[in-house]
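Take a look at the structure set out below.
The values are calculated or read from the model by the stated rules, or taken from the named source; none is laboratory data. Source: prediction; values computed, not measured. Cβ coordinates were reconstructed from backbone atoms using ideal geometry, including for glycine residues, and neighbour counts include every protein chain displayed. Surface areas here come from the heavy atoms of the whole protein model, side chains and all, with no ligands, DNA or RNA. Shrake-Rupley method; radii C 1.70, N 1.55, O 1.52, S 1.80 Å.
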Amino acid sequence: MLEDTSSLPVVLDVNYKPYNTPLLLQVVEKGCDVVRGSEMLWEQGVGQFELWTGRKAPYGVMKKVVLDNCLPKDGEEEEPPADLSKLAP
């Protein structure tokens, strides 16, 4: 899939559960930077909170709540990565 590693893309995956999607597992292994859906979720929530209330959002609290609900729990298995090479032309 990613043969040339000299200019790797940043991969955005809007899914927030599972935390490590098959796509993210594969591209992280290749060395790409990623932006996870959970990060987008809390950042969007912070922006909305501040817009609607006019107050500074409790960033750390919001991040913790999202991650507490998105990260796999101890002993909980996530799906193994899919072979995405079959999707390449």
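Ordered by solvent-accessible area of protein heavy atoms (1.4 Å probe), largest first, the residues Leu23, Leu67 come out as Leu23, Leu67.
Ranking Thr21, Thr53 from most to least accessible surface, computed with a 1.4 Å probe over the protein chains only, gives Thr53, Thr21. What the phi angles of the stretch 38-54 give under the Karplus curve with 6.51, -1.76 and 1.60, with θ = phi - 60°, is a coupling list of 5, 5, 4, 4, 6, 5, 5, x, 4, x, 5, 4, 5, 5, 7, 9, x Hz, glycine and proline written as x. Ranking Asp68, Asp33, Asp13, Asp74 from most to least accessible surface, computed with a 1.4 Å probe over the protein chains only, gives Asp74, Asp33, Asp68, Asp13.
FRET efficiency for the pair Leu51 and Glu29, taken as 1/(1 + (r/R0)^6) with r the Cβ-Cβ distance and R0 = 30 Å, rounds to 0.20.
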